[in-house]
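The values are calculated or read from the model by the stated rules, or taken from the named source; none is laboratory data. Since this is a predicted model, take the numbers as computed values, not measurements. Methodologically, a virtual Cβ is constructed for each residue, glycine included, from the backbone with ideal geometry; neighbour enumeration extends over all protein chains shown.
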Amino acid sequence: MYHFLFPSGFDEDAGQPTIKQGAASAYAKEVCFLEVLYKRCCGIDIHKKMMVACIFTSVRKKEIRQFSTMTEDILQLVSWLKETDCEMAAMESTGSYLNILEEEQIPIMVVNAQHIKGVPGRKTDVKDAERIADLVRHGLVKESYIPNRDQRELREITRYRQEVIEERARELNRIQAVLEGCNVKLSSVITDISGKSGMAILKAIVSGETDLVVLSELAEGRARDKIPEMQKSLQGRISEHQQKMLKHQVGHIESLTALIVDLDADIKKNRIHKLGNRSFG
């Protein structure tokens, strides 16, 4: 099916195209025969608290409705799309909306906002949804690559794990700063103070242990080869305030480390599930 498309707009009351001045004018003056790929399609313009949806149900007939971004309203949008037998819906952004539409088996594409801006023609806040629908109807926009839900969830948890690792590194730097303030040179003997030996010694310090021999005996592995040096490195002056700071920081390190272990397990489980879907899905 084909019909005339005037990218700069169409005055339905006057029954003729509207021509704008500027870069779009030359393009708008040319009447283009474009195939209608989707007879029934919807353009969705998403804002922070509301969304505007425009459905084309025929060449000239369209309907525009507004919805809030609350789940209840999104489900009303879903019902409307199903009632109109929408063949394809399109929007510029993703988020939780995409998950709901996918769960409801609504055919949906995410389009590049910059690509839409690059197509000559009108674009106002009121007409955004209509414009998206019209461009999609004629195949004038490219669908952006959006990973499937399993991939999105794996990416989300992997990014979160990286953020936790970075926070753990920052907390270790804070511990090091406190130790420097105490003139405790533990890091000059133990490369990684977050390892078994370092954490055992730090936990003993925050619990009130001050005996250098006892503290150095907590070292494990290769660190035991440096016990004399370690005893010297631990000979600092730790105030009550510094001891409290170390207690909070060491506790934070332990919780972050446990969280990383949990996230690693979740990521492994997610990947196994994904591979299972590939093998048997």
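Step by step: first the residues of region 126-162, then only those that are more than 22 Å from residue 47 (Cβ to Cβ) and part of a loop (DSSP other than H, G, I, E, B), then the one that is farthest from the chain's Cα centre (by Cα). Which residue is that? Among those residues, the one meeting the criterion is 138.
Among the residues making up region 75-98, those that are surrounded by fewer than 18 Cβ atoms within 10 Å (Cβ to Cβ) and farther than 16 Å from residue 144 by Cα are 75, 76, 79, 80, 82, 83, 84, 85, 87, 96.
Which of the residues spanning region 209-246 are outside any helix (DSSP H, G or I) and more than 15 Å from residue 184 (Cα to Cα)? 217, 218, 219, 220 - these are the residues of region 209-246 that are outside any helix (DSSP H, G or I) and more than 15 Å from residue 184 (Cα to Cα). Within region 141-171, if we keep just the residues that are within 18 Å of residue 90 (Cβ to Cβ) and β-branched (Val, Ile, Thr), the residue that is surrounded by the fewest Cβ atoms within 10 Å (Cβ to Cβ) turns out to be 146.
Can you pull out the residues in region 179-202 that are buried (at least 17 other Cβ atoms within 10 Å of the Cβ) and in a helix (DSSP H, G or I)? Hits for region 179-202 are 179, 186, 197, 198, 199, 201, 202. Residues that are under 15 Å from residue 50 (Cβ atoms) and assigned to a helix (DSSP H, G or I) were ranked within region 88-116; the one that is modelled with the lowest pLDDT is 96. Applying the criterion of being of a type in the set (Val, Ile, Thr), within 28 Å of the chain's Cα centre (by Cα) and not in a strand (DSSP E or B) to the residues of region 42-87, the residue that is farthest from residue 105 (Cα to Cα) is 69.
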